[in-house]
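Engineer: Following this message is one structure expressed as structure tokens.
The values are calculated or read from the model by the stated rules, or taken from the named source; none is laboratory data. These numbers come from a predicted model, not from an experiment. Here the Cβ positions follow ideal geometry from the backbone for every residue, glycine too, while neighbour counts run over all protein chains shown. In case anyone asks, the SASA skips ligands and DNA or RNA and just uses the protein heavy atoms, side chains included. Shrake-Rupley method; radii C 1.70, N 1.55, O 1.52, S 1.80 Å.
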Amino acid sequence: MTHAPSPAALLSAAACPVLVVKVGSALLVAPDGTVRREWLASLVDDIAARTAAGQRIVIVSSGAIALGARRLGLPKGGRASLEDAQAAAATGQIALSQCWAELLGDHAITAAQMLVTLDDLEDRRRFLNASATLRRLIALGVVPVINENDSVATEEIRFGDNDRLAARIAQAAGAGGVVLLSDVDGLYTANPKNDPDAKLVESVARIDARIRAMADGGSASGMGSGGMLSKLEAARIATSAGAHLAIANGTHDHPLARLAAGGRATVFTAGPQGKGRKLWLAGRMTARGRITVDAGAQAALAKGSSLLAAGATAVDGKFVRGDVIEILNASGETIARGLAEYDAGDAARIMGLRSDAIAEVLGYAPRSALVHRDQMVLL
């Protein structure tokens with residue numbers, strides 16, 4: 001699928017052989033902390049139908065903290081403190097996995113559990129290990145059920161929401177599409193709860209400032225951790241990795257069947273899919289530093305050139321050669337990501353200099369670029 005697909009196309013095995021479906025806490029867990037089992041059974045019916053049609057499904061499931069908080073009697077849904085959240089996650093994950101396994105098992109589908117942290121997908125070697133496991137499970141006809149490992153994750157090493165996790169899992173699994181089941185039909189021109197004239201945006205080819213201005217940062221249920229802003233970031237990650245992403249309403253029974261029958265959604269169109277290291281770079285969520293460039297350098301990068309020192313106007317952060325850094329334009333927008341060829345200190349010393357002047361400043365023969373085009377991906 002290289003053009004803008006319909007929402008139904010994402011539920012087609014021919015058009016999208018592997019699909020990631022993200023289920024949020026507010027859909028899966030009732031306000032009293034119990035599993036909405038009848039609704040979940042209807043979703044599993046949909047998953048079984050897609051599996052029978054030849055489409056492989058990967059589930060990213062929230063709900064462990066909400067379920068565990070009820071069992072432990074913790075206040076604020078288990079989110080009063082990091083320790084409470086970790087304890088609730090450890091307790092609730094067992095119940096969550098058991099529920100998925102039982103319901104999938106009713107359809108003779110084997111479920112597998114994978115718990116990951118941010119570092120598992122940001123570190124290149126660990127990403128490859130996770131990717132290999134996912135792809136093998138998919139090849140075996142197993143439905144992986146994935147969640148963030150909130151029992152050990154801290155603020156410094158966590159995704160913070162399963163929208164972005166789903167996008168990264170799509171990249172690791174080689175999926176062609178992602179469906180984020182939400183409590184709204186998709187992205188609106190304004191918050192529909194506050195503006196009766198808000199219109200659904202059915203397709204988005206590029207996430208720019210206009211699109212970001214439409215997003216509302218809140219989580220309507222108060223139970224989850226993501227809002228529309230996190231879904232836009234998930235869309236950026238997924239589309240950069242060559243996967244389409246749809247935000248669709250999951251509050252009804254059989255939400256996937258409803259979407260396949262023409263249900264409303266917002267579909268973000270995938271860009272060209274990169275390969276190997278560049279694909280991994282496109283989906284990363286963290287960086288060690290930033291280099292800001294002038295308009296001339298931005299234009300050169302767009303044409304496929306490396307980032308030369310002459311085009312750099314500012315260097316921020318503490319990074320060493322080989323670290324992932326972001327490249328920003330003069331407006332502060334991230335336009336590329338790549339592997340640094342210089343430590344931050346040396347990069348700052350030579351920014352703005354032509355190549356023939358660098359050796360004299362550094363005292364050694366310079367490398368050809370601050371970031372080489374072979375180790376860089378445009379965003």
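Engineer: Please identify the pairs in which a residue from the range 117-131 that is basic (Lys, Arg) has its Cβ atom under 6 Å from the Cβ atom of a residue that is in a helix (DSSP H, G or I) and buried (at least 18 other Cβ atoms within 10 Å of the Cβ), counting only partners at least 6 apart or on another chain.
Structural biologist: Here the result reads Arg126/Asp120, each pair linking the range 117-131 to a residue that is in a helix (DSSP H, G or I) and buried (at least 18 other Cβ atoms within 10 Å of the Cβ).
Conditions tested, residue by residue: (1) in a loop (DSSP other than H, G, I, E, B); (2) at pLDDT 95 or above.
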site	(1), (2)
Gly271	yes, no
Leu279	no, no
Thr292	no, yes
Ala310	no, no
Thr313	no, yes
Gly322	yes, no
Ile325	no, no
Gly332	yes, no
Arg337	no, no
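Engineer: Then there is this: Pairs needed: first member in the range 20-43, within 18 Å of Ile94 (Cβ to Cβ); second member anywhere, open to solvent by 10 Å² or more (accessible area, probe 1.4 Å) and basic (Lys, Arg); C-beta distance under 9 Å; at least 6 residues apart or different chains.
Structural biologist: Within 9 Å, the pairs are Leu28/Arg36; Val29/Arg36; Val29/Arg70; Gly33/Arg70; Gly33/Arg71; Thr34/Arg70.
Engineer: Turning to a different aspect of this structure: From Val184, Val178, which residue is surrounded by 15 or more Cβ atoms within 10 Å (Cβ to Cβ) and under 24 Å from Thr334 (Cβ atoms)?
Structural biologist: Only one candidate passes the filter, namely Val178.
Engineer: Give me a count of the residues in the range 72-89 that are open to solvent by 50 Å² or more (accessible area, probe 1.4 Å) and in a helix (DSSP H, G or I). Working first, answer last.
Structural biologist: Quick first cut of the range 72-89, residues open to solvent by 50 Å² or more (accessible area, probe 1.4 Å) only: 72-73, 75-76, 79-80, 82-83.
Subset that is in a helix (DSSP H, G or I): 72, 75-76, 82-83.
Residues flagged as open to solvent by 50 Å² or more (accessible area, probe 1.4 Å) and in a helix (DSSP H, G or I) within the range 72-89 amount to 5.
Engineer: Sticking with this structure for a sec: Determine whether the range 90-102 contains at least one residue that is in a helix (DSSP H, G or I) and over 20 Å from Arg37 (Cβ atoms).
Structural biologist: yes
Engineer: Return the residue satisfying two criteria in turn: it lies in the range 225-242 and is in contact with an Asp or Glu (Cβ under 7 Å, 6 or more places away or on another chain) and modelled with pLDDT under 85, and of such residues it is surrounded by the most Cβ atoms within 10 Å (Cβ to Cβ).
Structural biologist: Gly226
Engineer: Which numbered condition trips up Ser203, out of (1) modelled with pLDDT of 85 or more; (2) under 25 Å from Ser331 (Cβ atoms); (3) open to solvent by 30 Å² or more (accessible area, probe 1.4 Å)?
Structural biologist: Ser203 satisfies every listed condition except (2).
Engineer: A follow-up question, please. Would you check if there is a residue in the range 357-370 being in a loop (DSSP other than H, G, I, E, B), farther than 23 Å from Arg236 by Cβ and open to solvent by less than 40 Å² (accessible area, probe 1.4 Å)?
Structural biologist: As a first pass, look at the range 357-370 and keep what is in a loop (DSSP other than H, G, I, E, B): 363-370.
Of the ones still in play, those that are also farther than 23 Å from Arg236 by Cβ are 363-370.
If we keep only those that are open to solvent by less than 40 Å² (accessible area, probe 1.4 Å) as well, we get 369-370.
Yes, that holds for at least one residue.
Engineer: Mind listing just one residue for me: the one in the range 103-127 that is aliphatic (A, V, I, L, M) and not in a helix (DSSP H, G or I) and, of those, farthest from Asp161 (Cα to Cα)?
Structural biologist: Within the range 103-127, the first condition is being aliphatic (A, V, I, L, M), and the residues that meet it are 103-104, 108-109, 111-112, 114-116, 118, 121.
Then keep just the ones that are not in a helix (DSSP H, G or I); that gives 108-109, 111-112, 114-116.
Values: Ala108: 30, Ile109: 27, Ala111: 22, Ala112: 21, Met114: 16, Leu115: 14, Val116: 12 Å.
Of everything passing the filter in the range 103-127, Ala108 is farthest from Asp161 (Cα to Cα).
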